[in-house]
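These notes are about the structure you will find just below.
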There are 2 protein chains.
Amino acid sequence: MDRMDTRRTRGAGPDLAAVARLLADGTRAAFCLALLDGRAWTATELARHAGVAPSTATEHLHALVRGHLLTEERQGRHRYVRLAGPQVAELVESLASLAPEHRPAPRSLSADGRRRALAHARTCYDHLAGAVGVAVTDAMIGRGLLDPAHGLGLTGAGAAWLADLGIGVPPGTRRPSVRPCLDWTERRPHLAGAVGAALCRHAFDAGWITRVGSTRAVAVTPAGRQALHRHLGLPGDLLAGR
Amino acid sequence: MDRMDTRRTRGAGPDLAAVARLLADGTRAAFCLALLDGRAWTATELARHAGVAPSTATEHLHALVRGHLLTEERQGRHRYVRLAGPQVAELVESLASLAPEHRPAPRSLSADGRRRALAHARTCYDHLAGAVGVAVTDAMIGRGLLDPAHGLGLTGAGAAWLADLGIGVPPGTRRPSVRPCLDWTERRPHLAGAVGAALCRHAFDAGWITRVGSTRAVAVTPAGRQALHRHLGLPGDLLAGR
DNA sequence: GGGACGTTTCGGCGGGCGCCGAAGTGTCCC
DNA sequence: GGGACACTTCGGCGCCCGCCGAAACGTCCC
């Protein structure tokens, strides 16, 4: 029997495998995890982040762009890449959530700490996730700012609340203003979409939250605790972390 | 520089890549797509389905079980495997939804037809998805059988409605009785969880829907159209497909 | 123009891994 | 017991592909 015949593994096969193969490499996976912060990175930044030569990074980025997981944007001698969309971010998140690191009974103490920090509060693409993200969403529903009956649509009161905080939501965006996004720790929808992104950006700008090191985990600052208590009635102990 | 140092690709790397690598092979992907019907398959069935030797299938199944994507159950000389849970099914679905086959502007006419059939109605793990699945869920919300305010919880009227149809939902199950599941065609939650599974099973048993060939696509039968119109008020033309 | 720098292309190397067939183990049933 | 059958283990083959460094290309800025 001809060998070529049996080697359909890498060649034809279901298209599903082609997408998975893009994320099956440690370096490309590291790129996507880094890009999960929603920002655009240059090729060199990603190369240094993952610890590979620039030429290697170029090849990986080509593959990811060709596979429609990333979009690129050239500016002068720089090449910026970002995740191609929320679906890609969700895919990366759900892959990570099935990894051994996030399975019950974690191995090491440091891994456990990392896991808990991420479960508490983190960015998911461009909005807040984790226990804090879910708590914020629940509080907004409880105060009538979001309408759970219409896919977490923004109510009139919600729009006023945002305006009151000085949070503007770009109206021209194609994305639905709010969109539920399942959380891997809570398995419950939380606030994504344009509103979620705007809220998250404001929380960073106003110093409510800060990034923990260079990870996706975030910490709620004392000012953030105060603000979230005043504006949403969230209890201080929930936001204290741990 | 030592070569071992730079070869962290396959070895260490982010755990995300390890999960993706399990689905990055055409044969393993074919296994998971087949298992997406929610049933348990034997190793030999899967081997024949994917066109590989039994020994090859064994190795793949070991990898998938070790990676917690599949669970196994030995019965006599048979080894049954099934997807490890709804999260895995969702992962496989979202990988497939990002594959070129499901991207806008499909290539061939046959691929287009397949795509449309799947978009219309299909099984997703153990419940209904596609336009029909979403329509059923919407109708149930509209009739007060599901409560969108509590994560698509079953209302009292909903429980009575199910009982009236003779649909029993196993109470001992750990899974939440209803659970939203995002649809790749509609990008909207539809009815999953124990209730979704029971409803889907009943629809098959009562002859409301039938499988199209050996794919995951399903067709609504004339009897099914009648039943869905009577019990949920769904219009006949929506269910006619195409 | 010329140097600095971000990015790309290309060759070459080497390990990982998916494939098979043959032989071995366990289960079922006559 | 003995044969059929589902599954597993093992050895070997060969391709895929990720890695690098060197050199080329573009852009920017002095």
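Summary of computed values
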| read-out | value |
| --- | --- |
| In nm, spacing of pseudo-spin labels at A:F204 and B:L165 (7 Å Cα→C-beta vector) | 4.5 nm |
| Taking the C-alpha atoms of region A:12-84, convex hull volume expressed per residue in Å³ | 84 Å³ |
| Nearest-0.05 FRET efficiency for B:T155 and B:T221, computed from C-beta distance (R0 25 Å) | 0.30 |
| Mean-position separation - Cα centroids, region B:121-139 and region A:195-210, in angstrom | 36 Å |
| Residue-wise HN-Hα coupling along region A:82-88, computed from phi with Karplus coefficients 6.51, -1.76, 1.60 (Hz; x: Gly, Pro) | 8, 4, 6, x, x, 4, 5 |
| Closest Cβ on chain A to the rotation axis that carries it onto B (distance rounded to whole Å) | A:A24, 2 |
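Each reported figure results from applying straightforward, stated rules to the coordinates on display, with no laboratory input. All of these numbers come straight from a predicted model, not from anything done at the bench. Heads up, the Cβs are rebuilt from the backbone with ideal geometry, glycines too, and the neighbour counts pull from every protein chain shown.
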